[in-house]
Amino acid sequence: MPGASRPVGGPDLAQVRRVVSEIPGPRSRELLARQRGLVPAGVGAVLPVFVEAAGGGVIVDADGNSFIDFGSGIAVTTVGNSAPAVAERAAAQLRRFTHTCFLVNPYESYLDVCEKLNELAPIPGEKRTILVNSGAEAVENAVKIARAATGRPGIVVFDHGFHGRTLLTMSLTAKNKPYKQGFGPFAPEVHRAPMAYPYRWPGGPERCAEEAASALADLLDRQVGADNVAAVLIEPIQGEGGFIVPAPGFLGRVAEICRSRGILLIVDEIQAGIARTGRMFACEHEGIQPDLITTAKGLAGGLPLGAVTGRAELMDAVPAGGLGGTFSGSPVACEAALGVFDEIEAGDLLERAREIGDTMLEFLGDLSDRCPVIGDVRGRGAMIAIELVEQDGDRVPAPDLAARIAKRCHADGLLVLTAGSYGNVMRFLPPLSISDALLEEGLTILGEAIAKEATCAA
Ligand SMILES: Cc1ncc(COP(=O)(O)O)c(C=O)c1O
């Protein structure tokens, strides 16, 4: 039977780091050579080792290397890879039926996921949810709904923001290379405000929230005209932009500015949501109540599923036929999402995310006191990053250093990701199923890699 001898993933996979070849190893290099003849160059890989199994806190490759996972497939396998409740529910659904198209014949699991999101989302009043296939599709739909509900065209987004790779969502995304270069012309009616980025705010972190809020109000009132704006769209912690936690109070000011002008607030929780930061939704840390929330990534434990949850009267503004798609809300992905909610509740994973965050912040805070190249340590829960700068203290971004440290970590069996508008941020997104032992071992490897590439005090 094909694949019969392959290792099995899930939490029973041996929870050890093991490096048995150079990285990537011979089998992965062979597969990479095959990939080059089959897949376009535009599809890159952070760590091109081909995966055989994953679970708990490790990823095992085709050469038998076992990596400590600090990436969770970019914030997707938050409850762990092949987590039992996800795998069992999805497998059982595969045996019942694989697809009907919810627009042709509905099924109950779709309703169960919507009910759960409606119940959990920090949005006041009656709510509705639509399920889609990806993060970008969730953002696209949130914009469609906001425009239909307000009759206004404009969307305001923020510097350093990332919202996807489709035409509209890449237009909403800030960074040019590699996301936008050569792909224009872009979608119209997108306006960009400065982000309250405390580490890099010209007036300093204390003035950041207020000054960034004034800049947003000025953009709305003077440049675009508030009456022309359907929604302000913001990540509660910017993901690809470098885990930028907005200055305290900024999200609250954005919510007030929107409310006073009849503009909708869409919070993009695609990377930070679904238990990642120690709350179900990251915007809960700032106590704001958006009109619409987008989720995806961690929602279905690795199966493709996105959602828009919002106030009922806004969501119902689109007539029948205006929303949905062939695969949207696949029954297998819906079962997987229900498995994710089961895992979060049964495993007390909100608390686990906070514990992981405390461990990482303590270790990285101490490291940054000793290593001047670590300019900033930030994040919430199991979504933490360091921003690397040149040694001279001028906050000059150090992207090459970040790349070298990441490469060393990979060679030592630790999967880390980089991010940031300047490519100088190392971000850490371990699955919440990682053991304390692996978490600490991973942090030690990271500390050693930084000490080898930069000057740190003992
Ligand atoms: C905040 C945010 N929004 C949207 C997206 C796009 O999601 P997807 O890649 O599933 O289309 C991402 C992906 O990284 C994201 O981080």
Q) So for the pair Ala33, Glu206, with labels modelled 7 Å out along Cα→Cβ, what separation do we get in nm? A) 6.2
Q. Residue farthest toward the positive end of the dipole of the chain, with Cβ of Lys/Arg at +1 and Asp/Glu at -1: which of Gly44, Pro198, Val79?
A. Gly44
(Q) Placing unit charges on C-beta atoms (Lys and Arg positive, Asp and Glu negative, everything else neutral), compute the dipole magnitude of the chain about its Cα centre in debye, rounded to 20. (A) 1340
Q) Under 5 Å between amide H atoms, partner at least 5 residues away or on a different chain: which partners does Ile244 have, H built in plane at 1.01 Å? A) Gln238
Q) Given H placed 1.01 Å from N in the peptide plane, which residues other than close sequence neighbours of Leu264 have an amide H under 5 Å from its amide H? A) Ala231, Val232
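Report, to two decimal places, the Cα Rg of the stretch 176-327 normalised by 2.2 N^0.38 Å (N = number of residues).
This ratio for the stretch 176-327 stands at 1.10.
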(Q) Students often check this: by mean Cβ neighbours within 10 Å, which of 228-240, 356-368, 24-36 ranks highest, and how do the rest follow? (A) 228-240, 356-368, 24-36
Q. Using θ = phi - 60° and the Karplus form 6.51 cos²θ - 1.76 cosθ + 1.60, what ³J(HN,Hα) does each residue of the stretch 351-356 get, whole Hz, x for Gly and Pro?
A. 5, 4, 4, 5, 4, 4
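If the only charges are +1 at each Lys and Arg Cβ and -1 at each Asp and Glu Cβ, what is the size of the charge dipole of the stretch 112-262 around the Cα centre, to the nearest 20 debye? Intermediate values should be presented prior to the final figure.
Values: 17 positive and 17 negative charges, 74 e Å.
It comes to approximately 360 debye.
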Q: Find which of Phe281, Asn133, Cys258 sits farthest along the positive direction of the dipole of the stretch 85-346, computed with +1 on the beta-carbon of Lys and Arg, -1 on that of Asp and Glu, about the Cα centre.
A: Asn133
Q | Length added when fully stretched, Ala91-Lys407, from 0.36 nm per residue minus Cα-Cα | A | 110.2 nm
Q: Write down Rg/Rh for the chain, rounded to two decimals, with Rg from the C-alpha atoms and Rh from the Kirkwood relation over Cα pairs.
A: 0.96
Q. What list of ³J(HN,Hα) values in whole Hz, one per residue of the stretch 280-289 in order, does the Karplus curve 6.51 cos²θ - 1.76 cosθ + 1.60 (θ = phi - 60°) give from phi, with Gly and Pro shown as x?
A. 4, 10, 5, 5, 5, 4, 9, x, 8, 10
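Taking the mean number of other Cβ atoms within 10 Å as a proxy for protection, how do you rank 200-212, 375-387, 111-123 from highest to lowest? Intermediate values should be presented prior to the final figure.
Values: 200-212: 16.0, 375-387: 24.8, 111-123: 18.8.
Taking the mean over residues of other Cβ atoms within 10 Å, the ranking is 375-387, 111-123, 200-212.
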Q) Which Cα, out of Ala92, Gly339, Leu167, lies furthest along the positive dipole direction of the stretch 85-346 (beta carbon charges, K/R +1, D/E -1)? A) Leu167
Q. Relative to the Cα centre, what is the charge dipole magnitude of the stretch 85-346, using +1 at the beta carbon of each Lys and Arg, -1 at the beta carbon of each Asp and Glu, and rounding to the nearest 20 debye?
A. 700
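Read-outs: derived from the displayed coordinates by stated rules, not from any lab. Everything numeric here is computed off the predicted structure, so don't read it as measured data. Neighbour counts are summed over all protein chains in view; Cβ atoms, including those assigned to glycine, are modelled from backbone coordinates with ideal geometry.
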